[in-house]
Amino acid sequence: MLLAVLSQPTLSQEIPQNLNWRDEVTSLETTWEKQYEDYFNRDLAEVTLTSDDIAKILSRLASQTGSQPAVLWVAPQADYLKLVLLTPDGEATGNVISEADHITLMKQVQRLYLEVTNPRRIDTTSYLKPAQQLYQWIIQPFETTLKEKGIDTLLLCTGPGLRTLPLGVLHDGQQFLVEKYSLTRIPAFNLLVDTNYENLQRGEVLAMGVSEFTEQNPLPAVPVELSNIVKPESEKEASLSNLLGQWPGKSLLNQMSTLQNLETELAFNRFEIVHLATHAQFRAGKPENSYIQLWDTQLRLSQMKEMRWSTPPAELLVLSACQTAVGDNNVELGFAGLALQSGVKSALASLWYVSDRGTLALMSEFYQQLKTASTKAEALKTAQIAMIRGKVRLQAGELLISRGEVSLPPSLTSNTEEELSHPFYWSAFTLIGNPW
């Protein structure tokens, strides 16, 4: 994994006073929209929403989902960190954090990454100091407002250097951020593909996976991952599917996971969820450098917009085994713009490659929670909390999740119990785009 502190902006800036926070929303939305348009080399937004427009959408979705969402823009500057919060009642508030200048902020981001992603430190809490410092800068200024307004869902719109930050691991001294809020990262509110709400609980899943590779490490848990998600076709086995928490749909493994089969399934069938259990790489440079590995070829990020991810847009695209080159502005734009580029409402992907068994655990629990949660962000939050609190874990020959025990093949078993509560296992997974 590439990890580097992003270069400091060249111009020093005076700490601003008496900002109009509504104007700041418009300014940040316009600036960041342009950055994504330059990266993907196309126009991305047909309309420009004002803060009042965004607040009305938040209010509508609050009524439809029973959640209480807010948008938080987090904008690093050379000499300070600028924050703007917008709630469904239309109130825009903000703050300027002078001690979080660009270099200081990026050092804490880098430190958090190093502590969280090092598998040798999964028996420690070395991540807590940077996680708490970042929480203090980004979330704490709005704690009172968030509590008073009953906010339970945060859409975090982050600027350069923060677009691949593992948001859920930020810590208030007692809890992780994901234990307090359902979370999603967005490129800009204007760049959300679709803000209409659709209940996913009767949706169908296209699950494709590759477990064997010629030039990359195998993913031996992928067959189990797919079988945990999609109902078996045999009628006898299907009768158990509700008990097991599986979804209706179609599953394609290894030789069947080709680009042509993906295109065919998307063209002729309606799937609310597309799950791709295979290696995916987000790399520096242009979008064509990043890809999803299928059996026969690589689906490039630059090709994603050409795929028919359903009409209307698919509700969710899941990439369960990603690696991201952190520290590059273009990589950040590619990762945070995944849902935008593919044309789906939301994407779920990992910031770093989690162990095969850890990924299996998170995905199995996420799809179980998605059957009853009112939003995708809530389902992910619940699954991650279950891992934090040890309710999802690996024990001798079995995966324990909320619906019970799942037997594992010998290649995935261990003689010892494996805790998955460290952020290395769960905080890599992040929702991108629409939280609903």
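Quick note: the coordinates plus some simple rules give every number you see, no bench work behind them. Keep in mind that this is a model prediction, so the values were computed, not measured. Reconstructed Cβ throughout: ideal geometry from the backbone, glycine too, with neighbour counts over all protein chains shown.
Quick notes
- Loop-located trypsin sites (Lys or Arg not before Pro) in the range 88-177 whose Cβ has at most 16 other Cβ within 10 Å (DSSP): K149
- Here the Gaussian network model covers the chain, with springs between Cα atoms less than 10 Å apart; of S211, S411, S251, S411 fluctuates the most.
- Looking at the range 205-433, the pairs of alpha carbons with a distance over 32 Å make up 13% of the total.
- Additional length obtainable on full extension of the chain from K107 to S414, 0.36 nm per residue less Cα span: 106.8 nm
- R0 of 56 Å, Cβ-Cβ distance K305-R403: FRET efficiency to nearest 0.05: 0.95
- Cα centroid of the range 150-168 to Cα centroid of the range 64-115, whole Å: 7
- For the pair N196 and F268 in one chain, pulling the backbone fully straight at 0.36 nm per residue adds 23.6 nm over the alpha carbon distance.
- Kirkwood Rh and Cα Rg combined as Rg/Rh, the range 347-436: 0.96
- For q = 0.08, 0.09 Å⁻¹, Debye-computed log10 I/I(0) when each Cα of the range 10-157 counts as one equal scatterer: -0.28, -0.35
- Listed candidates (i) -0.23, -0.80, -0.97; (ii) -0.46, -0.95, -1.02; (iii) -0.27, -0.94, -1.13 - label of the one calculated as log10 I(q)/I(0) by the Debye sum over Cα atoms at q = 0.06, 0.11, 0.12 Å⁻¹: (i)
- Among W137, W73, W309, the largest mean-square fluctuation in a Gaussian network model of the chain, built with springs joining Cα atoms closer than 10 Å, belongs to W137.
- Ranked by how many other beta carbons lie within 10 Å on average, peptides 367-379, 56-68 from highest: 367-379, 56-68
- Dividing the summed -39500 (n - 2.57) terms of all DSSP H runs of n ≥ 4 by the residue count of the chain sets its mean residue ellipticity at 222 nm at -9500 deg cm²/dmol.
- Using C-alpha pairs below 8 Å separated by at least 6 residues, the relative contact order for the chain is 17 percent.
- Farthest positive-ward along the chain dipole, Cα basis, beta-carbon charges - from L319, Q64, Y425: Y425
- Descending principal axes extents, the range 116-172, alpha-carbon based, whole Å: 40, 23, 18
- Result for the chain in a Gaussian network model with C-alpha springs under 10 Å: among A336, A55, A321, the largest mean-square fluctuation is at A55.
- Sorting 310-317, 388-395 by their mean Cβ neighbour count within 10 Å, with the most densely packed peptide first, gives 310-317, 388-395.
- Based on C-alpha pairs under 8 angstrom that are at least 6 apart in sequence, the range 21-191 has a relative contact order of 25 percent.
- Legend: calculated FRET efficiency, N217 to K34, from the Cβ-Cβ distance at R0 = 30 Å, rounded to 0.05, equals 0.20.
- Cut-off 20 Å (backbone N to label point 7 Å along Cα→Cβ of S126), residues of the range 421-436: 421-428
- C-alpha long axis of helix 356-370 to longest principal axis of the chain, angle in °: 80
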